[in-house]
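What follows is a set of notes on a single structure, which appears directly below.
The values are calculated or read from the model by the stated rules, or taken from the named source; none is laboratory data. Given the structure is predicted, the values throughout are model-derived calculations rather than measurements. When we count neighbours, we look across all protein chains shown, and the Cβ atoms used for this are built from the backbone with ideal geometry, even at glycine.
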Amino acid sequence: MEETHPKEMKPLKFKWFNVGQYTFEKDGRFTNHIGFDYIPEEEALTDDAQKIIDERIEEARQKVLTGKMSPVYYYMEKTWMDPITLSKFVGLSMFTVKRHFKPAKFAKLKPEIFQKYANAFEISVEELKNPK
Amino acid sequence: MIKLEYEHRQAGHCENGVTSNLLNYYHLKVSEPLIFGIGAGLFFSYLPFLKMQHAPVTSFRVWPGMIFNRSTRMLGVKTSIQTFSDPKESMNILDRILDQGTPVGLQVGTFHLPFFPPEYRMHYNMHNMVVYGRDNDTYLISDTVLEKPVEISYKDLMRVRFAKGPFAPKGRMYYLTSVPEEVNLKPAIIKGIEKTAYNMTGIPFPLVGVKGIRFMSRQMRKWQKKYGDEKASYYLGQVLRMEEEIGTGGAGFRYIYGAFLNEAADVLNQDWLKEISIEMGVTANRWREFSYLGSRNCKKRGKPEESYDFLAGIVYDCAAKEEAIFKKLRKIK
């Protein structure tokens, strides 16, 4: 059997949790680690995802400010949702929710629908209409 | 005030940990890997048409709830599972069952869990934890991802039990109603292995099992050309997160499954399973190699030879190894 046991075969580092991780030792034993060996910050995956999401939020904000997208899109990114999740929160179909990303459609919505979105994002209707 | 003598133990994965700890409360010592294997938890599926968090769904395990259902059924443990439409009623019933001296497992959404750090939040509705006691307004929680038990308020608990979004928990709660004093592990283990081997190699559908791994590997080669650098690296990052970060015990449950085969060999007195467990460990190491090189690629620090083609090659290799393993495991008696 070929040896695949690189030197850096430690559990990946998590930023927050000491999740129980299993490893496979060279002598054929499986062990359950709870404490971790230290792995430098740059090796962790979590930070990167955070940065990507921050970038997405900022990009969404710019799109809303320049009038390409409606505030629903910005608040969706801000609360870490995606169209499926948001559609379940407001009780509309994903197709409808995606249509409301267009500023022209958004402007014509009924007050009840505004209220639904405001409840989903936990903000007031005023904030929903005028994002910062 | 009620506080049961419930032993909190950390685990690699929330559902296995909860099941194992609940059985442990009734003096039935079944380890986490055994629960995972008996429940036939190992799986693979790649669904490019279903996007969550803006990336294709990649899953290294079966449907949530299945491990608990299958493993308890195989062991002859009787359970009760309930969902609710009224939050107040669900909390009343939870109180009543706790007062009878039964620890209760809950399915919750993680986004509003107060003890989860804000940076780790996501709309993930399939987390499991156990309530084992309560005071007036606070509940005692044993969450297997944390080192120590924690407390949560009535209001927060109600909120996370009725989190919205895909796979909403709807206050799902479960507890054990009758536990046999002794269980026969042998048939349960054999059935679990048979089921897993069928799931991985037998299902005639291209997106699941070993075929699914191959399919993902083929798609991975095209990502960069099809979606551009940024999106490709986000997709890769999402696969790695599902593989390593979301409580899998490492390498997409492959380590836990190896540990299970190792224990099963002792229980069944079949030495060939030990050899297969070593093969499984080697495969798991290969998966971890993929996640290491992949995470470097995500951050654009990878060497040129560690391209998507190279990574897809590793995944393809893993598929071949797993196919060999499960073809052998299908012959178990």
Residues that are at pLDDT 85 or above and of a type in the set (Phe, Trp, Tyr), drawn from region B:1-47: B:TYR25, B:TYR26, B:PHE36, B:PHE43, B:PHE44, B:TYR46
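Residue by residue, here is whether (1) surrounded by fewer than 17 Cβ atoms within 10 Å (Cβ to Cβ); (2) within 14 Å of chain A (Cβ to nearest Cβ) holds:
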site: B:GLU181; (1), (2): yes, no
site: B:ILE189; (1), (2): no, no
site: B:GLY192; (1), (2): no, no
site: B:TYR198; (1), (2): yes, no
site: B:PHE215; (1), (2): no, no
site: B:SER233; (1), (2): no, yes
site: B:GLU244; (1), (2): no, yes
site: B:GLY258; (1), (2): no, yes
site: B:GLU263; (1), (2): no, yes
Subset of region B:16-57 that is farther than 24 Å from B:LEU176 by Cβ and aromatic (Phe, Trp, Tyr) - its residue that is nearest to the other protein chains (Cβ to nearest Cβ): B:PHE49
Residue match in region A:76-99 (condition: more than 22 Å from A:SER124 (Cβ to Cβ) and aliphatic (A, V, I, L, M)): yes
Members of region B:164-190 that are under 18 Å from B:VAL104 (Cα atoms) and of a type in the set (A, V, I, L, M): B:MET173, B:LEU176, B:VAL179
Those residues of region A:58-70 which are among the hydrophobic types (A, V, I, L, M, F, W, C) and either crowded, with 17+ Cβ neighbours inside 10 Å or modelled with pLDDT under 85 (or both), in sequence order: A:ALA60, A:VAL64, A:MET69
Among (1) touching a helix residue (DSSP H, G or I) at 6+ places or on another chain (Cβ under 8 Å); (2) without any contact (Cβ under 8 Å) to a residue 24 or more places away in the chain; (3) aliphatic (A, V, I, L, M), the one test that B:VAL77 misses: (2)
Helices (runs of 4 or more DSSP H) (entirely within region B:6-112) containing at least 3 residues that are buried (at least 17 other Cβ atoms within 10 Å of the Cβ) and more than 15 Å from the chain's Cα centre (by Cα): B:14-25, B:87-99
Single unsatisfied condition, B:ILE203 versus (1) in a helix (DSSP H, G or I); (2) over 23 Å from B:GLY105 (Cβ atoms): (1)
Output for region A:71-86, where each listed residue is more than 10 Å from every other protein chain (Cβ to nearest Cβ) and either buried (at least 18 other Cβ atoms within 10 Å of the Cβ) or closer than 14 Å to B:ALA163 by Cα (or both): A:PRO71, A:VAL72, A:TYR73, A:TYR74, A:TYR75, A:MET76
Of all residues making up region B:67-90, the number that are closer than 17 Å to B:LYS164 by Cβ and of a type outside the set (D, E, K, R): 5
Filtered residues of region B:287-297 (kept if within 9 Å of chain A (Cβ to nearest Cβ) and either under 13 Å from B:PHE253 (Cα atoms) or touching a His at 6+ places or on another chain (Cβ under 7 Å) (or both)): B:ARG288
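Filter region A:106-121 for residues that are out of contact with any Phe, Trp or Tyr (no Cβ under 6 Å at 6 or more places or on another chain) and within 18 Å of A:ARG61 (Cα to Cα); which is surrounded by the most Cβ atoms within 10 Å (Cβ to Cβ)?
Top of the filtered list is A:TYR117.
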Selection count, region B:152-177, where residues are under 21 Å from B:GLU5 (Cα atoms) and modelled with pLDDT under 85: 0
